[in-house]
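Heads up: the structure comes next, in structure tokens.
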Amino acid sequence: DWTMGAYREEAIAKIRAQVGTGRVICALSGGVDSSVAAILIHEAIGDQLTCVYVDHGLMRLGESEQVVGMFREHYNLPLIHADESELFLGKLDGVSDPETKRKIIGGLFIEVFEKHAKALGGAEFLAQGTLYPDVIESVSFSGGPSVTIKSHHNVGGLPERMNMKLVEPLRELFKDEVRALGRELGLPAHFIGRHPFPGPGLAIRCPGEITREKLDILRKADAVFIDQIRKHGLYDEIWQAFVAILPVRTVGVMGDGRTYDFACALRAVTSVDGMTADYYPFTHDFLGETATRIINEVQGINRVTYDITSKPPGTIEWE
Ligand code: XMP
């Protein structure tokens, strides 16, 4: 008889047996997997765990505050909010090539995490929210030609480089089981049901050069789009939805004045695993209302388009 309550107890016992009196650090991303792993480990070993939230300045509106606030207040979990946005945005300044952006962000992430781990006096163990599909991924893809479409941002290289042992309490679970475990651990439903968000964050939703101005506009437009989706009760039907700010300004008219502002693209897809995806069939009413709201509420955008590319041939993210 296998329930999440029993899994929780078993996992806690295993973590205690593995870690003993050792120290564990965890890179908390705000995603469901690393969050559930951190809460479970904290339940097992308390303050022997420290989490580091690396804030690269590429999160959505209010997101860092929400994530850090929830863990500190609701879970009383030792958490370092490493605000490294100056560093990341500085190194990304003037960079427009998508793979270069990804490499810069991935490299800096490791560097920054290592720095904070050292400042804590080091740790023997690194916690990760690795799931069963992550464990078998290398097998399931081994048949096809190996073409790297995008270099994914993860903490894969860290354990060897830092000479750490891994604590991976979710290794036997699928995504839906992690969500069930998250509910069992008291994570709020809206947090558990959140759409996936990529490691490089808004950087890959801002094609061309990344500027603070563009990020700011993007955050506001994205918040309006998600608000619209929630208000229309569509959030849970959609795998991922977001706005990309386009590297082009276009001419518009507002009141009796001319505008010359950025165009943006709305992206919303359905998918089972992110490997393939279909664009979401919003009604024209929904799209029209959303465009009007974004243009009225977000200064800096005067044109809204809807991306109707499926994957393949498109990818979900723009970069
Ligand atoms: P693409 O754009 O390749 O995205 O169709 C497929 C899924 O992966 C997410 N994604 C990432 N997730 N680190 C992540 O953790 C990354 O570097 C990354 N790049 C894309 C994307 O949001 C979608 O869910």
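The values are calculated or read from the model by the stated rules, or taken from the named source; none is laboratory data. Predicted model, so just to flag it, every value in this text is computed and none were measured. Heads up, the Cβs are rebuilt from the backbone with ideal geometry, glycines too, and the neighbour counts pull from every protein chain shown.
Quick notes on this structure:
- Residue check for Thr290: more than 11 Å from the ligand (Cβ to nearest atom), under 17 Å from Val248 (Cα atoms) and modelled with pLDDT of 95 or more: no
- Of Ile25, Ile45, all but one fail to be in contact with a helix residue (DSSP H, G or I) (Cβ under 6 Å, 6 or more places away or on another chain), away from the ligand (no atom under 16 Å from the Cβ) and outside any strand (DSSP E or B); the exception is Ile45.
- Within segment 44-59, the set of residues being in contact with a strand residue (DSSP E or B) (Cβ under 9 Å, 6 or more places away or on another chain) and either surrounded by fewer than 17 Cβ atoms within 10 Å (Cβ to Cβ) or within 21 Å of Phe197 (Cα to Cα) (or both) comprises Cys51, Val52, Tyr53, Val54, Asp55, Gly57.
- Candidates Thr283, Thr305, Thr292, filtered to the one that is under 15 Å from Asp222 (Cα atoms), over 21 Å from the mean Cα position of the chain (by Cα) and free of Cβ contacts under 8 Å to residues at least 24 places away in the same chain: Thr292
Per-residue answers, yes or no, for (1) farther than 30 Å from Tyr7 by Cα; (2) away from the ligand (no atom under 15 Å from the Cβ); (3) surrounded by fewer than 20 Cβ atoms within 10 Å (Cβ to Cβ):
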residue	(1), (2), (3)
Ala38	no, yes, no
Ile41	no, yes, no
Leu61	yes, yes, yes
Gly69	no, yes, yes
Asn76	no, yes, yes
Leu87	yes, yes, yes
Leu92	yes, no, no
